[in-house]
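Okay, structure first, notes after.
Quick note: the coordinates plus some simple rules give every number you see, no bench work behind them. The structure presented is a predicted model; accordingly, all values stated were derived computationally and were not measured. Neighbour counts run over all protein chains shown; Cβ positions are idealised from the backbone, glycine included.
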Amino acid sequence: MNVRETFFTIFANMTLISSISGIRGTIGGTPGANLTPLDALRFSMAYGTWLLKQHQSVTVVIGRDARLSGPMIQQIVQQTLIGLGINIIDLGLSTTPTVEMEVVRQNAQGGVILTASHNPKEWNALKLLNSDGEFLDASAGNQINALAQQLNSISFADVDALGTLIKEPKALDHHIDAILNLSLVDSATVAKRSFKVVVDGVNSSGGIAVPALLERMGVEVIKIHCEPNGNFPHNPEPLAKHLTDLSNAVIDNGADLGIAVDPDVDRLVFMDEKGVLFGEEYTLVACADYVLKHTPGNTVSNLSSTRALAEVTQPHGGDYAASAVGEAHVVALMKKTNAVIGGEGNGGVIYPELHYGRDALVGIALFLTQLTKENTTVSALKSKYPNWLMRKDKITLSKTTDTDALLKKIATHFSDEQVTTIDGVKVDFPQGWIHIRKSNTEPIIRIYAEAKTTAELDQLVTAIETLVATD
């Protein structure tokens with residue numbers, strides 16, 4: 001389950017999940033239990049109707065990753081919205097951040113991204129955007145979920161008021177242009193470094209988008225798994241255990257670094273010149289370190305992200321703040337604190353100078369500029385940052401467990417420490433922290449812990465396991 005999601009309405013056997021940012025599930029099966037054409041239809045109807053309640057005229061930008069089900073779902077969504085009288089700008093194969101930026105560039109009223117992020121190929125999703133090109137908040141999401149259950153109240157347009165469809169083949173070019181025009185991105189200097197970079201595009205949109213950016217920056221690109229055919233060659237979540245091909249390719253080609261993204265290109269990880277993963281938690285840390293050196297300010301990540309971001313923020317005179325888990329929560333807190341950069345520890349970089357959305361492409365451009373200006377290697381850069389170890393685990397509960405009461409018990413037990421309860425329970429200690437969140441889809445609690453040593457991690461997790469066992 002993707003920890004970004006913050007609110008769930010669960011249908012049938014839990015392979016169809018409706019959240020505040022859209023709907024996702026497995027393709028095929030029966031309506032209401034999986035992501036079938038009928039489910040795509042009804043949520044498209046609900047989203048379109050919600051937009052029409054707010055705007056006299058509506059245009060929606062739509063793009064997809066390379067999943068096998070993408071073309072089918074896209075046709076259903078587009079034609080349903082056209083039937084409601086909504087105009088469509090079709091980006092075709094695209095990335096999540098590209099769609100987000102195109103909503104703003106086109107002055108559209110909304111956007112739909114057809115991607116299930118890091119989930120396997122049998123999954124797909126409709127991720128819904130507002131007119132700012134940002135994920136919906138809880139209020140909007142709840143309104144759309146309610147409309148999806150009241151289809152008889154939805155009215156389609158007559159034949160003279162149907163929407164139109166135009167294709168926009170240059171959206172990625174506009175996205176890359178905007179990145180290269182950022183003051184902290186120096187493509188000319190990067191080109192002089194003559195980087196050799198291996199890219200794992202997991203046979204999705206990143207196989208097109210990442211090489212396109214790198215080539216514009218004068219980088220030699222070695223492609224693996226960059227054919228956007230939707231047949232993911234490994235688990236698409238960009239974790240070390242899934243990226244052995246990338247590690248081998250970096251070593252075999254004597255590359256300066258490797259880059260991996262998830263299927264919709266909003267998560268980013270780097271591989272150093274030795275074939276060792278830089279660490280998904282440290283993607284944001286490194287980019288923030290570079291940005292803060294040139295534009296001091298505040299930073300934001302979620303409660304489950306590494307403490308290292310706070311530790312690189314403070315020497316630059318900024319303040320760090322932690323939000324509840326979920327991109328919408330991170331963005332809201334970034335705006336509130338006027339943060340110069342933020343994101344999530346899963347490799348998500350949000351740079352407001354470009355837009356308020358996780359964007360692997362801008363993360364790549366900032367990182368390469370940082371490497372060039374500091375005249376360093378990826379491994380040497382990593383060695384300068386605080387070395388935290390993180391563990392992500394879960395505990396299965398009895399179906400009769402009162403999870404809210406359990407979380408309250410945990411918070412009370414650690415009341416002498418710094419406790420945060422805006423999203424589950426997070427306990428901060430001098431030498432680490434532990435974050436416990438309940439799942440709304442299964443009887444488990446998720447545990448995220450960070451410490452300096454494996455022994456300290458064991459102690460943190462064991463303390464929670466003991467409390468659960470005595471509940």
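Values computed for the structure shown
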read-out: Rounded Å value of the spacing that divides the Cα centres of the range 403-441 and the range 53-76; value: 39 Å
read-out: Among 165-172, 363-370, the order from most to least packed when residues are scored by Cβ within 10 Å on average; value: 363-370, 165-172
read-out: Listed residue (ILE208, THR337, GLY318) projecting farthest to the positive dipole end of the chain, Cβ model; value: THR337
read-out: Rough spin-label spacing in nm, given labels placed 7 Å along Cα→Cβ, for GLN149 and GLU353; value: 4.6 nm
read-out: Ranked list, fewest to most other Cβ atoms within 10 Å of each Cβ, for ASP458, ASP423, ASP289; value: ASP458, ASP423, ASP289
read-out: Ranked by how many other beta carbons lie within 10 Å on average, peptides 225-238, 391-404 from highest; value: 225-238, 391-404
read-out: For the range 216-237 versus the range 287-350, the gap between their alpha-carbon centres in whole angstrom; value: 28 Å
read-out: Charge dipole magnitude, Cβ of K and R +1, D and E -1 - the range 265-326, Cα centre, debye nearest 20; value: 60 debye
read-out: Debye equation applied to the C-alpha atoms of the range 134-205, log10 I(q)/I(0) at 0.20, 0.29 Å⁻¹; value: -1.10, -1.20
read-out: 23 Å Cα-Cα threshold exceeded, pairs from LYS394/LYS452; LYS336/LYS392; LYS127/LYS293; LYS336/LYS382; LYS293/LYS426; value: LYS336/LYS392; LYS127/LYS293; LYS336/LYS382; LYS293/LYS426
read-out: Selection from TYR290, ALA380, ILE410, by position along the positive dipole direction of the chain (Cβ); value: ILE410
read-out: Unit charges at the beta carbon, dipole of the chain: most positive-side option, ASN302, GLY25, GLN74; value: GLY25
read-out: Dipole in debye (nearest 20) - the chain, about Cα centre, beta carbon charges: Lys, Arg +1; Asp, Glu -1; value: 160 debye
read-out: Principal axis dimensions, largest first and in whole angstrom, of the range 389-469 by Cα; value: 35, 23, 21
read-out: Order of THR244, THR98 under a 10 Å beta carbon neighbour criterion, fewest first; value: THR244, THR98
read-out: Calculated diffusion of the range 8-169, Stokes-Einstein form, Kirkwood radius summed over Cα pairs, 37 °C and 0.692 mPa s, µm²/s; value: 215 µm²/s
read-out: Loop-resident sites, the range 216-292, for trypsin sites (Lys or Arg not before Pro), counting at most 14 other Cβ within 10 Å (DSSP); value: LYS274
read-out: Long-range amide H partners of GLY348 with built H, under 5 Å; value: LEU268
read-out: Mean Cβ neighbour count within 10 Å, used as a protection proxy, ranking 145-158, 182-195, 426-439 highest first; value: 426-439, 182-195, 145-158
read-out: Where only C-alpha atoms are counted, convex hull volume of the range 72-143 per residue in Å³; value: 106 Å³
read-out: Part-to-part distance (alpha-carbon centres) for the range 357-395 and the range 127-160, which is given in Å; value: 37 Å
read-out: Longest site-free stretch - the chain; sites: GluC sites (Glu not before Pro), DSSP loop, at most 16 other Cβ within 10 Å; value: 123-352
read-out: Test item: Cα-centred dipole of the range 323-375, Lys/Arg +1 and Asp/Glu -1 on Cβ, debye; value: 120 debye
read-out: Per principal axis, descending, Cα span of the chain in whole Å; value: 65, 61, 39
read-out: Principal axes of the range 100-142: Cα extent on each, largest first, Å; value: 33, 24, 11
read-out: Distance in nm between pseudo-label sites at GLN79 and GLU122 (7 Å out along the Cβ direction from Cα); value: 2.7 nm
